[in-house]
Amino acid sequence: MKKLLILFLVLPLICQAQSVKGTFSPAEDFSYAFLYQATPESANYVDRGQLDRTGNFEIQLDSTAKPGIYKIVYAIPPEENNFDFIYDGKENISFNFSQENGVSFTESEENKLWNSYLKSIDMVNQTISNYFAKENSDKKGFKAIFKTLKDTQTGYEELAQGKLVSSFIIANRPYIPTEYEDISTYSKNLKQHYLSQIDFSNYLLQSSSFLIDRVTAYVFNMVENPSNATYKAHIDDVAAAINTNDLIIKTSLLEMIWKHFVDQKNHEVANYITTNYLLELAKATENNVLLDMVISFKNTSIGSKAPNFDITSNGKNTNLHHLKGAEHYLLIFWSSTCSHCLSELPKVKEMVANKPNLKVVAFGLEDDKKSWNNEIKNYPDFIHQIGLNKWDNPVVKTYGVSATPMYFLLDSSKIITEKPYELKDLEILLKQL
């Protein structure tokens with residue numbers, strides 16, 4: 001009797017279990033599908049499914065799988081090879097995926113509705129683009145197109161009532177003019193409206209890629225050939241659109257934009273974000289990692305004066321800023337226990353051998369002096385300074401050194417002129433001196 005009772009209790013749980021399954025093509029290009037539950041702060045690993053020969057996989061979800069945003073990662077690097085989907089706790093998820101066509105859902109009303117909505121809105125937007133491209137002034141045609149846009153949006157909002165996807169469809173509400181507008185007026189109003197419908201405090205939006213995609217599009221794609229002044233204005237718009245109570249998501253999105261400009265080596269705009277937003281936000285959210293990162297980048301940006309540090313050379317005490325006698329200085333952060341450093345420094349020695357207008361300052365990240373003292377004998381023409389406590393050395397932190405060797409080229413006033421990432425980049429720059 002007890003066994004039967006247990007069986008009756010377990011059967012409903014088994015029946016309610018949902019699954020995530022998909023087909024990847026071409027099958028030979030993929031091996032695993034990794035499932036994560038997304039949150040505003042991170043993505044939590046759930047399970048993985050190995051693809052069979054035809055590219056199929058299936059992952060069973062247990063009763064602890066909560067409704068929300070989930071993520072499939074299908075290749076590395078994971079941040080570039082993934083897609084989100086909505087799980088409502090009731091539906092199975094089934095999809096087809098290829099790099100060429102993206103993802104299409106064959107099971108899950110939530111996700112099918114979102115994909116259908118995006119395609120429908122895209123079709124209307126294409127009609128709007130065609131209308132303005134022809135410099136059309138047909139007011140009846142204008143009215144008809146935007147009536148279609150309004151009816152499409154309203155229809156999908158009604159279909160989405162009571163569903164998780166409703167948050168996304170509402171956040172994506174398009175700008176709909178109430179009367180005829182020329183292309184200049186329409187573009188201006190479209191831009192002003194672009195962020196206005198978004199609830200940045202919405203947990204589902206925060207957990208998905210929606211906010212990142214929307215903000216990135218606004219900053220980088222709203223204007224053709226934007227200037228730094230345009231970028232700064234767009235960044236100000238993004239910051240203003242996010243409620244001051246949502247400091248975590250505001251910090252996260254502005255940090256994401258900051259990293260874009262860092263990767264583009266646009267130091268001016270990156271440091272604008274730091275000065276106007278990230279310094280204060282990092283302090284307010286007690287994000288010390290971010291605080292150290294943006295400060296060190298700002299301190300060592302091209303065009304900034306290299307942060308000063310003490311140097312003991314030939315028994316004399318001086319510092320970086322007081323060094324004289326050269327037009328250029330090459331600052332190297334290295335370590336006597338770093339194999340890459342021991343491989344590259346002899347090559348650097350050869351590169352600078354016939355350059356009397358350049359001096360090398362080698363800052364060693366060390367735990368003790370023994371190996372450093374032995375190694376610096378190979379570079380008698382370098383100006384050496386030891387930095388004990390290695391990665392915890394305050395100078396290392398100030399310069400944001402995360403790997404060795406790391407190079408900085410300075411002019412005679414110790415202004416940073418270049419930050420070559422690799423030895424080959426340094427070689428090209430040194431040939432120009």
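The values are calculated or read from the model by the stated rules, or taken from the named source; none is laboratory data. Please read these numbers as outputs of a predicted model, since none were measured by experiment. Backbone-built Cβ (ideal geometry, glycine too); neighbour counts: all protein chains shown. Accessible surface is based on the protein model in full, side chains and every heavy atom, while ligands, DNA and RNA are left aside. Shrake-Rupley method; radii C 1.70, N 1.55, O 1.52, S 1.80 Å.
Filter region 344-375 for residues that are open to solvent by 60 Å² or more (accessible area, probe 1.4 Å) and out of contact with any Leu (no Cβ under 9 Å at 6 or more places or on another chain) and give the result. Within region 344-375, 349, 350, 353, 354, 356, 370, 373, 374 meet the criteria. Are any residues in region 199-213 under 19 Å from residue 122 (Cβ atoms) and either open to solvent by 30 Å² or more (accessible area, probe 1.4 Å) or not in a helix (DSSP H, G or I) (or both), and if so, which ones? Scanning region 199-213 gives 208, 209, 213. Can you tell me which residue is nearest to residue 135 (Cα to Cα) among those in region 187-215 that are of a type in the set (A, V, I, L, M) and free of Cβ contacts under 8 Å to residues at least 60 places away in the same chain? Ranking the qualifying residues of region 187-215, first place goes to 190.
Would you confirm, using the coordinates I've provided, whether residue 433 is within 30 Å of residue 264 (Cβ to Cβ), in a loop (DSSP other than H, G, I, E, B) and open to solvent by 20 Å² or more (accessible area, probe 1.4 Å)? Taking the combined requirement at face value, the residue satisfies it.
Residues that are touching a Gly at 6+ places or on another chain (Cβ under 7 Å), of a type in the set (Asp, Glu) and at pLDDT 95 or above number at least 1 in the following strands (runs of 3 or more DSSP E) confined to region 49-150: 56-61.
Is it true that some residue in region 9-18 is modelled with pLDDT of 85 or more and either open to solvent by less than 60 Å² (accessible area, probe 1.4 Å) or within 34 Å of the chain's Cα centre (by Cα) (or both)? Yes, region 9-18 contains at least one residue that is modelled with pLDDT of 85 or more and either open to solvent by less than 60 Å² (accessible area, probe 1.4 Å) or within 34 Å of the chain's Cα centre (by Cα) (or both).
Of the residues 269, 289, 294, the single one that is over 17 Å from residue 382 (Cα atoms), without any contact (Cβ under 8 Å) to a residue 24 or more places away in the chain and either in contact with a helix residue (DSSP H, G or I) (Cβ under 9 Å, 6 or more places away or on another chain) or surrounded by fewer than 18 Cβ atoms within 10 Å (Cβ to Cβ) (or both) is 289.
Quick check on residue 411: is it under 18 Å from residue 303 (Cα atoms), surrounded by fewer than 17 Cβ atoms within 10 Å (Cβ to Cβ) and among the acidic types (Asp, Glu)? Criteria met by residue 411.
For every residue, the table says whether it meets (1) open to solvent by less than 20 Å² (accessible area, probe 1.4 Å); (2) hydroxyl-bearing (Ser, Thr, Tyr); (3) modelled with pLDDT of 95 or more.
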| residue | (1), (2), (3) |
| --- | --- |
| 261 | yes, no, yes |
| 274 | yes, yes, yes |
| 281 | yes, no, yes |
| 303 | no, no, no |
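Among all positions in region 151-163, there is no residue which is surrounded by fewer than 18 Cβ atoms within 10 Å (Cβ to Cβ), among the hydrophobic types (A, V, I, L, M, F, W, C) and within 19 Å of residue 194 (Cα to Cα).
Residues of region 172-190 that are surrounded by 11 or more Cβ atoms within 10 Å (Cβ to Cβ) and outside any loop (DSSP other than H, G, I, E, B): 183, 185, 186, 187, 188, 189, 190.
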